[in-house]
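The values are calculated or read from the model by the stated rules, or taken from the named source; none is laboratory data. Just so you know, these numbers come straight off a predicted model, no measurement behind them. When we count neighbours, we look across all protein chains shown, and the Cβ atoms used for this are built from the backbone with ideal geometry, even at glycine.
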């Protein structure tokens, strides 16, 4: 890539944002980014789309990855975001491998729950693996998703997170060019 | 597009900040998210909050509808539509079901909205508790600790003084059984439409610098008491133009003798009714 961020910043970030918006207002719905040319060796297309669309100088980013340096350089180059080693300080966290606990991140303050960290968790599959049934605002009845390569005890962790509402982290699950959003309001019922 | 302006007027950094705020607002339904509201080329009170939200989500493929008290052809609606035509060159429409984004000032269209639509409200005062507690530090705590007794006492006092809750617009609602939310000054007639609405609802308050949201399929209940359930307005009259007896009616004085008529507030709904 010879450009910084999206090639066509205005329209590509608008298009990507609308997909992220669609995913977040319909939790469990799989949305697809069509601009495959942005994928990296360590970052999938959907992770890069979120990074280019939402990150900038004002967002602290925490990275958990075996390729931490490469990803850190990529994010610094394309968004200018400060990288932090402190989970509680992070506005966004990019996680490509390894287990993680949601409650070690910033879950917001009683009076400012919007200060919570948004996790971008890159997983292995959204069509094979374990089944989960979701329920909560944005979902008509219930939504079934299938995931592989997620943090251990995923169901318990998601439900512990949503039981803290209005506090809690918000989650983007990314895989290849697909995205599923799990806001803190969402419970896994099965 | 005119030269010297970015698409949709706002610069990309501002849009990014507003987009992050919108996402957080959806994740915490009914919570008022602070954002860095920008000065817009029109005065506060004319929809600067709604315009900033619309400008941050709109793209070339969108079709925009703007209504002012249900009407497509009033000053505020026409001006905002012209603004977006100028800075985005997007398509606009008056037909509710053809719009992908509907920006509104104080009405929800009579036609049921779908999952593919986004409703953007212009909000003058996002804080439902403001008249009861003027300090922001205090109202913030009241929301944080879910301390909503003040609001219930207010409604109770209205019932004990007047026999019923007298608030007919900006009637407070409870979003997702948690935050008390201001539905913007829409008539309470529209409150039931917000409950489990299929469309995403975004609220922008420019002067107060707050954005809040209600995701689709989310519980939105108007506050009431078991023995004084919430009720919407009803009319004995029908619309003088289309004859509708189930839409929100505006009362208009038609001559110097004070004679009056009732007409639909939603002009697009009224027009369709005449045709069929």
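Worth pointing out:
- Test: residue in the stretch A:67-89 that is in a helix (DSSP H, G or I), farther than 25 Å from residue B:175 by Cβ and within 14 Å of chain B (Cβ to nearest Cβ): yes
- Complete set of residues in the stretch B:1-40 that are away from every other protein chain (no Cβ under 14 Å) and without any contact (Cβ under 8 Å) to a residue 24 or more places away in the chain: B:3, B:4, B:39
- Of the strands (runs of 3 or more DSSP E) lying entirely inside the stretch B:206-258, those carrying at least 2 residues that are surrounded by fewer than 19 Cβ atoms within 10 Å (Cβ to Cβ) are B:249-253.
Residue by residue, here is whether (1) assigned to a loop (DSSP other than H, G, I, E, B); (2) under 17 Å from residue A:47 (Cα atoms) holds:
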residue: A:110; (1), (2): yes, no
residue: A:121; (1), (2): no, yes
residue: A:130; (1), (2): no, no
residue: A:139; (1), (2): yes, no
residue: A:150; (1), (2): yes, yes
residue: A:155; (1), (2): no, no
residue: A:159; (1), (2): no, no
residue: A:166; (1), (2): yes, no
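- Qualifying helices (runs of 4 or more DSSP H) (wholly inside the stretch B:1-94; at least 2 residues being farther than 29 Å from residue A:26 by Cβ and assigned by TED's automatic domain parsing to the domain that holds residue B:271): none
- Candidate set from the stretch A:155-174 (those that are within 10 Å of the chain's Cα centre (by Cα) and away from chain B (no Cβ under 13 Å)); member that is farthest from residue B:178 (Cα to Cα): A:174
- Selection over the stretch B:47-75 of residues that are surrounded by fewer than 20 Cβ atoms within 10 Å (Cβ to Cβ), closer than 23 Å to residue B:207 by Cα and without any contact (Cβ under 8 Å) to a residue 40 or more places away in the chain gives a count of 2.
- The set of residues in the stretch A:87-101 being within 21 Å of residue A:43 (Cα to Cα) and touching a strand residue (DSSP E or B) at 6+ places or on another chain (Cβ under 8 Å) consists of A:87, A:90, A:91, A:92, A:93, A:94, A:95, A:96, A:97, A:98, A:100.
- The residue list A:50, A:63 contains one member that is away from chain B (no Cβ under 12 Å) and either closer than 17 Å to residue B:26 by Cα or not in a helix (DSSP H, G or I) (or both), which is A:63.
- Scanning the stretch B:25-38 for residues that are farther than 20 Å from residue B:137 by Cβ and surrounded by 24 or more Cβ atoms within 10 Å (Cβ to Cβ) yields B:25, B:26, B:27, B:29.
- All of (1) away from chain B (no Cβ under 13 Å); (2) in a helix (DSSP H, G or I); (3) surrounded by 15 or more Cβ atoms within 10 Å (Cβ to Cβ) hold for residue A:15 with one exception: (1).
- Conditions (1) in contact (Cβ under 8 Å) with a residue 40 or more places away in the chain; (2) closer than 23 Å to residue A:62 by Cβ; number of the one not met by residue A:125: (2)
- Residues being more than 18 Å from residue A:93 (Cβ to Cβ), within 14 Å of chain B (Cβ to nearest Cβ) and buried (at least 18 other Cβ atoms within 10 Å of the Cβ) - total across the stretch A:103-134: 1
- Among residues of the stretch A:135-154, those that are closer than 22 Å to residue B:218 by Cβ and more than 14 Å from chain B (Cβ to nearest Cβ), counted: 2
- Of residues in the stretch A:173-190 being touching a strand residue (DSSP E or B) at 6+ places or on another chain (Cβ under 7 Å) and assigned to a loop (DSSP other than H, G, I, E, B), the one surrounded by the fewest Cβ atoms within 10 Å (Cβ to Cβ): A:190
- Failed item in (1) crowded, with 24+ Cβ neighbours inside 10 Å; (2) within 14 Å of chain B (Cβ to nearest Cβ), with residue A:94 passing the rest: (2)
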